[in-house]
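Report on the structure given below.
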Amino acid sequence: MAMQRNGVPRSAVDCLFTTLQNATHQVRTGYGDSTTYYGGNTWSTPMHGIGQGNGAGPAIWAVLSTPILNMLRKQGFGCEFTSPISCKSFSFVGYSFVDDTDLIQSNPFVTSYKEVLQSLQKSLDIWEGGLKATCGAIVPEKTFWHLIDFTLSPGSWKYKLIQECPGSLFVNDIHGQRKEIRRFEVSHAETTLGVDLAPDGNMRQQVKKMKTTAIKWADSMRTGRISPSEVWLAITSTIWKTLTYPLSATNLSKKQCEEIMAPILMYGLPALGICRYFPRKLVFAPIKYMGLGIQHLYTTQEITRLKDIINHTYKATTTGN
């Protein structure tokens with residue numbers, strides 16, 4: 001119904017979901033295709049939903065989630081910010097991509113965090129009810145929340161700990177059972193769309209994650225026997241793409257970036273036939289200046305953020321404002 005509401009013909013909806021429900025799936029390996037399969041007439045109940053990895057997933061989720069977000073907006077939920085540079089005010093209820101949604105609630109006129117907590121609980125109930133109407137549900141085990149409040153003292157401020165502002169949020173699961181949602185300290189980072197972000201802005205968990213990824217990659221590559229050209233391809237097309245993915249949302253120092261890159265260079269340079277202690281100025285210099293042309297994470301991070309600033313301000317998006 002949500003897709004038809006936005007102009008998608010009934011025939012297109014039927015085509016999409018009947019194909020998914022009737023499709024049979026085999027496993028393909030280097031030894032051939034499996035003789036058995038799942039799906040099709042093996043389902044006792046037809047599969048619901050659009051399936052993991054469906055290219056239409058983001059668009060379909062936007063169609064489903066937008067009316068629910070608009071419901072929250074019309075009822076006054078959300079938060080409002082005023083930019084300190086442009087002095088422009090803007091408001092939003094939350095942000096959502098595929099099946100990942102963050103709901104934000106604030107109120108600059110309240111005297112207690114408990115009033116914000118009550119508003120957030122109401123908005124969460126409306127969100128859950130909207131999902132239920134579209135045959136969706138919240139998974140409490142995958143849901144978490146933070147509460148941001150401050151303790152002021154002469155000349156400084158700090159974030160409050162959970163014990164200083166206790167409170168709980170509850171949501172119904174797919175069976176209608178009321179369950180409490182996990183709450184974390186504002187210094188605790190959780191993975192959201194592949195990036196570990198904490199409300200207080202610390203990068204500790206993200207740096208640890210990137211270091212672990214770099215070490216694991218270097219160890220895996222070290223156990224194999226591949227040519228220098230394949231090593232170069234592995235560095236520039238695999239691990240570097242993995243490490244540069246979160247850079248738009250990070251604020252890593254140059255030292256942190258170099259610590260993350262160290263395992264890759266200590267393995268990769270010798271595997272390329274280059275001394276592992278080759279001057280780093282030449283390692284990161286462009287090829288046309290007789291360098292190796294390997295990108296430095298810190299430089300890439302700053303370029304990425306500058307491009308985002310230019311792009312969003314030019315397009316006058318909410319982020320740009």
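Exactly one residue among F90, F97 is among the aromatic types (F, W, Y), touching a residue at least 40 places away in the same chain (Cβ under 8 Å), more than 30 Å from G49 (Cα to Cα) and surrounded by 13 or more Cβ atoms within 10 Å (Cβ to Cβ), and that residue is F90.
Output the residue which, of all residues in segment 35-79 that are open to solvent by less than 50 Å² (accessible area, probe 1.4 Å) and in contact with a strand residue (DSSP E or B) (Cβ under 6 Å, 6 or more places away or on another chain), is farthest from T19 (Cα to Cα). Among those residues, the one meeting the criterion is G78.
Pull up segment 138-179, narrow it to residues that are within 23 Å of E128 (Cα to Cα) and of a type in the set (V, I, T), then point me to the one that is most open to solvent (accessible area, probe 1.4 Å). Looking at residues that are within 23 Å of E128 (Cα to Cα) and of a type in the set (V, I, T), I get I174.
Name the helices (runs of 4 or more DSSP H) wholly within segment 218-321 that hold at least 2 residues that are open to solvent by less than 60 Å² (accessible area, probe 1.4 Å)?
Output list reads 228-234, 240-244, 254-271, 297-315.
In summary, K122 fulfils each of the numbered conditions (1) without any contact (Cβ under 8 Å) to a residue 40 or more places away in the chain; (2) open to solvent by 50 Å² or more (accessible area, probe 1.4 Å) with the single exception of condition (1).
Results for (1) farther than 23 Å from D102 by Cβ; (2) out of contact with any His (no Cβ under 7 Å at 6 or more places or on another chain); (3) in a helix (DSSP H, G or I), shown as yes or no for each residue.
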position	(1), (2), (3)
A12	yes, yes, yes
Q21	yes, yes, yes
N41	yes, yes, yes
S44	yes, yes, no
G53	no, yes, no
M71	no, yes, yes
F77	no, yes, no
E80	no, yes, no
S86	yes, yes, no
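Among residues of segment 16-28 that are free of Cβ contacts under 8 Å to residues at least 12 places away in the same chain, those with a Cβ under 7 angstrom from a residue that is not aliphatic (A, V, I, L, M), sequence gap 6+ or separate chain, pair up as Q26/D33; Q26/S34; Q26/Y37; V27/S34. Considered as a group, the residues in segment 23-34 that are open to solvent by less than 80 Å² (accessible area, probe 1.4 Å) and assigned to a loop (DSSP other than H, G, I, E, B) include one that is modelled with the lowest pLDDT, and that residue is A23. Return a yes/no flag: does segment 190-205 have any residue that is open to solvent by 50 Å² or more (accessible area, probe 1.4 Å), assigned to a helix (DSSP H, G or I) and closer than 30 Å to D102 by Cα. Checked against the condition, which is being open to solvent by 50 Å² or more (accessible area, probe 1.4 Å), assigned to a helix (DSSP H, G or I) and closer than 30 Å to D102 by Cα, segment 190-205 yields at least one hit.
The values are calculated or read from the model by the stated rules, or taken from the named source; none is laboratory data. Note that the structure is predicted; figures quoted are calculated from it, not measured. Every residue, glycine as well, gets a Cβ built from its backbone with ideal geometry; the counts of neighbours run over all protein chains shown. Side chains are part of the model used for accessible areas, which takes the heavy atoms of the whole protein and leaves out ligands, DNA and RNA. Shrake-Rupley method; radii C 1.70, N 1.55, O 1.52, S 1.80 Å.
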